[in-house]
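Engineer: Would you mind keeping the following structure in view while I ask a few things?
The values are calculated or read from the model by the stated rules, or taken from the named source; none is laboratory data. Source: prediction; values computed, not measured. Glycine gets a Cβ as well: all are built from the backbone with ideal geometry, and neighbour counts include every protein chain shown. These accessible areas exclude ligands, DNA and RNA; they are computed on the full protein's heavy atoms, side chains included. Shrake-Rupley method; radii C 1.70, N 1.55, O 1.52, S 1.80 Å.
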Amino acid sequence: MRKALSLWLPLAGFGLLFALAPTDLRRAVFVERWPFWAGGLAIGAFVLLLLRGTGQPLGVSTGFADACGVATHPELRRSWRLPFIAGIVAGGLVAALLAGGPHATWSAGLLEAVTGASLATKAALFTAGGALLGFGARLAGGCTSGHSILGVSLLAPSSLLATACFMAAGFAVTRLLLGGL
Amino acid sequence: MLRFFGFGLLFGFFLTRAGATDGDAIVGMFLLDDLHLAGVMGVAIGVAAVGLRVLRRAGLVEAVAPKPMKPGLVVGGLLFGAGWALTGTCPGTGLAQLGEGRLLALFTVGGMLLGTALYGRLGAGIERRLAARRTRAALDL
């Protein structure tokens with residue numbers, strides 16, 4: 001398989017599916033949440049497609065570091081991670097458009113039990129949480145993509161330990177905030 | 001560079017369709033109420049693990065070097081997990097949420113940039129201190 005096909009084949013496949021699939025199938029693929037096995041299959045296959053197509057191992061949080069550094073380090077403008085993270089935003093938009101959206105929302109979902117309806121409180125919680133994600137990912141050397149999906153699939157000890165820490169803290173903080181502990 | 005944008009697009013699309021960008025699914029996983037995302041992650045890991053071995057054996061991809069054990073792995077991992085729970089989001093899904101119109105992701109992504117920049121300032125010093133403490137602990141043994 002030629003390397004370029006790793007990208008164009010899936011893009012063309014989903015394009016054709018959207019254009020030609022009967023209504024039920026199109027709904028299942030583009031509107032309904034995929035069943036866990038289909039979502040896992042897609043994300044697992046993506047790791048392989050990216051590596052085969054570009055030689056790059058999946059990772060997102062390093063892209064944030066490149067974005068932060070690009071102002072002072074002009075050579076980072078050539079980092080593949082910048083178009084990659086921009087593409088992830090576009091992917092969310094495309095998914096929303098194909099599902100009939102996007103439907104803009106300020107909802108925090110279940111976490112509104114913690115924040116209430118106030119936008120200021122939500123902004124504070126999500127900014128603080130985001131800062132923990134950004135700082136923690138750099139300190140741990142990776143995030144859910146690089147450590148928990150790719151690293152764990154390689155059975156890398158560092159990634160197994162990092163993922164255990166992600167999960168333990170996530171579990172504890174959620175219990176603390178939303179009861180049960 | 002365009003192909004990396006295309007790969008990002010595909011990844012964001014998959015994250016959204018898999019339901020990984022739904023903060024409630026992450027909160028639900030940690031409450032053990034909704035194991036959908038645990039299933040997504042498990043299958044993704046399995047597919048990647050088998051696929052990487054097959055592609056490697058067929059000579060289609062280079063071996064991927066595992067990430068190193070580094071000082072700060074545990075502390076960083078715990079901070080990351082706390083942020084994961086507070087936002088119901090991780091770095092990849094936060095970006096896709098922006099595109100989807102989940103507007104609180106503006107704060108999550110802004111916070112991630114802040115935290116990353118803060119690490120740029122403080123990270124090296126913290127890791128030096130953590131490494132020194134580990135060395136001292138080893139010597140005490």
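Engineer: Take residue A:145 and tell me if it is of a type outside the set (A, V, I, L, M, F, W, C) and open to solvent by less than 40 Å² (accessible area, probe 1.4 Å). Before the answer, list the steps.
Structural biologist: Numbers: of a type outside the set (A, V, I, L, M, F, W, C): yes; open to solvent by less than 40 Å² (accessible area, probe 1.4 Å): yes.
It is true that residue A:145 is of a type outside the set (A, V, I, L, M, F, W, C) and open to solvent by less than 40 Å² (accessible area, probe 1.4 Å).
Engineer: Residue check: is residue A:71 surrounded by fewer than 16 Cβ atoms within 10 Å (Cβ to Cβ), free of Cβ contacts under 8 Å to residues at least 60 places away in the same chain and within 27 Å of residue B:127 (Cβ to Cβ)? Walk me through it before giving the result.
Structural biologist: Values: surrounded by fewer than 16 Cβ atoms within 10 Å (Cβ to Cβ): yes; free of Cβ contacts under 8 Å to residues at least 60 places away in the same chain: yes; within 27 Å of residue B:127 (Cβ to Cβ): yes.
Spelling it out, residue A:71 is indeed surrounded by fewer than 16 Cβ atoms within 10 Å (Cβ to Cβ), free of Cβ contacts under 8 Å to residues at least 60 places away in the same chain and within 27 Å of residue B:127 (Cβ to Cβ).
Engineer: Please pick out the residue among B:55, B:78, B:95, B:113 that is assigned to a helix (DSSP H, G or I), open to solvent by less than 40 Å² (accessible area, probe 1.4 Å), under 30 Å from residue B:17 (Cα atoms) and not assigned by TED's automatic domain parsing to the domain that holds residue B:31. Working first, answer last.
Structural biologist: Values: B:55 fails: not assigned by TED's automatic domain parsing to the domain that holds residue B:31; B:78 fails: open to solvent by less than 40 Å² (accessible area, probe 1.4 Å); B:113 fails: open to solvent by less than 40 Å² (accessible area, probe 1.4 Å).
Answer to the check: B:95.
Engineer: Of the residues A:49, A:16, A:25, A:58, only one is under 17 Å from residue B:49 (Cβ atoms) and in a helix (DSSP H, G or I); which? So that I can check it myself, show each step before the final result.
Structural biologist: On the way: A:16 fails: under 17 Å from residue B:49 (Cβ atoms); A:25 fails: under 17 Å from residue B:49 (Cβ atoms); A:58 fails: in a helix (DSSP H, G or I).
Every option except A:49 fails the conditions.
Engineer: Just to check your reading of the model, which residue among A:134, A:151, A:142, A:130 is under 16 Å from the mean Cα position of the chain (by Cα), within 7 Å of chain B (Cβ to nearest Cβ) and on the phi > 0 side of the Ramachandran plot? Don't jump to the end; show me each part of the working.
Structural biologist: Values: A:134 fails: on the phi > 0 side of the Ramachandran plot; A:151 fails: on the phi > 0 side of the Ramachandran plot; A:130 fails: on the phi > 0 side of the Ramachandran plot.
The conditions single out A:142.
Engineer: Out of A:111, A:82, I need the residue that is buried (at least 17 other Cβ atoms within 10 Å of the Cβ) and under 17 Å from the mean Cα position of the chain (by Cα). Which one? Steps first, answer last, please.
Structural biologist: Details: A:111 fails: under 17 Å from the mean Cα position of the chain (by Cα).
Criteria check complete, one pass: A:82.
Engineer: Quick check: is even one residue across the range A:127-136 modelled with pLDDT of 95 or more, closer than 24 Å to residue B:43 by Cα, small (Gly, Ala, Ser) and open to solvent by 10 Å² or more (accessible area, probe 1.4 Å)?
Structural biologist: No, the range A:127-136 contains no residue that is modelled with pLDDT of 95 or more, closer than 24 Å to residue B:43 by Cα, small (Gly, Ala, Ser) and open to solvent by 10 Å² or more (accessible area, probe 1.4 Å).
Engineer: To continue, here is another question. Scan the range A:87-118 residue by residue and report those that are more than 7 Å from every other protein chain (Cβ to nearest Cβ) and touching a strand residue (DSSP E or B) at 6+ places or on another chain (Cβ under 9 Å). Explain how you work it out, then say what you get.
Structural biologist: First, pick out the residues of the range A:87-118 that are more than 7 Å from every other protein chain (Cβ to nearest Cβ): A:97-100, A:107, A:112-118.
Within the range A:87-118, A:107 is the sole residue that qualifies.
Engineer: Looking at A:96, A:19, can you tell me which residue is at pLDDT 95 or above and either over 23 Å from residue A:139 (Cα atoms) or surrounded by fewer than 19 Cβ atoms within 10 Å (Cβ to Cβ) (or both)? Give the derivation first.
Structural biologist: On the way: A:19 fails: at pLDDT 95 or above.
Exactly one residue qualifies, and that residue is A:96.
Engineer: What number of residues within the range A:154-179 satisfy the criterion of being more than 16 Å from the chain's Cα centre (by Cα), under 22 Å from residue A:51 (Cα atoms) and more than 7 Å from every other protein chain (Cβ to nearest Cβ)?
Structural biologist: Number of matching residues: 2.
Engineer: Quick one: residue B:106 ticks every box in (1) within 7 Å of another protein chain (Cβ to nearest Cβ); (2) open to solvent by 30 Å² or more (accessible area, probe 1.4 Å) bar one, so which box is it?
Structural biologist: The failed condition is (1).
Engineer: Residue A:33 is checked against (1) outside any helix (DSSP H, G or I); (2) basic (Lys, Arg); (3) open to solvent by less than 20 Å² (accessible area, probe 1.4 Å) and fails just one. What number does that condition carry?
Structural biologist: Going through (1) outside any helix (DSSP H, G or I); (2) basic (Lys, Arg); (3) open to solvent by less than 20 Å² (accessible area, probe 1.4 Å) one by one, residue A:33 breaks only (3).
Engineer: Take residue A:49 and tell me if it is free of Cβ contacts under 8 Å to residues at least 60 places away in the same chain and crowded, with 19+ Cβ neighbours inside 10 Å.
Structural biologist: Working: free of Cβ contacts under 8 Å to residues at least 60 places away in the same chain: yes; crowded, with 19+ Cβ neighbours inside 10 Å: yes.
Yes; evaluated as a whole, the condition is true for this residue.
Engineer: If you scan the range B:21-52, which residues turn out to be at the interface with chain A (Cβ under 7 Å from one of its Cβ atoms), open to solvent by 10 Å² or more (accessible area, probe 1.4 Å) and under 16 Å from residue A:177 (Cβ atoms)?
Structural biologist: Of everything in the range B:21-52, those that are at the interface with chain A (Cβ under 7 Å from one of its Cβ atoms), open to solvent by 10 Å² or more (accessible area, probe 1.4 Å) and under 16 Å from residue A:177 (Cβ atoms) turn out to be B:23, B:24, B:31.
Engineer: Is at least one residue of the range B:12-28 part of a helix (DSSP H, G or I) and more than 19 Å from the chain's Cα centre (by Cα)? Even if it seems obvious, please write down each step before you answer.
Structural biologist: If we filter the range B:12-28 for residues that are part of a helix (DSSP H, G or I), which is where we start, we get B:12-17, B:23-28.
Okay, now just the ones that are also more than 19 Å from the chain's Cα centre (by Cα), so none.
No, every residue in the range B:12-28 fails to be part of a helix (DSSP H, G or I) and more than 19 Å from the chain's Cα centre (by Cα).
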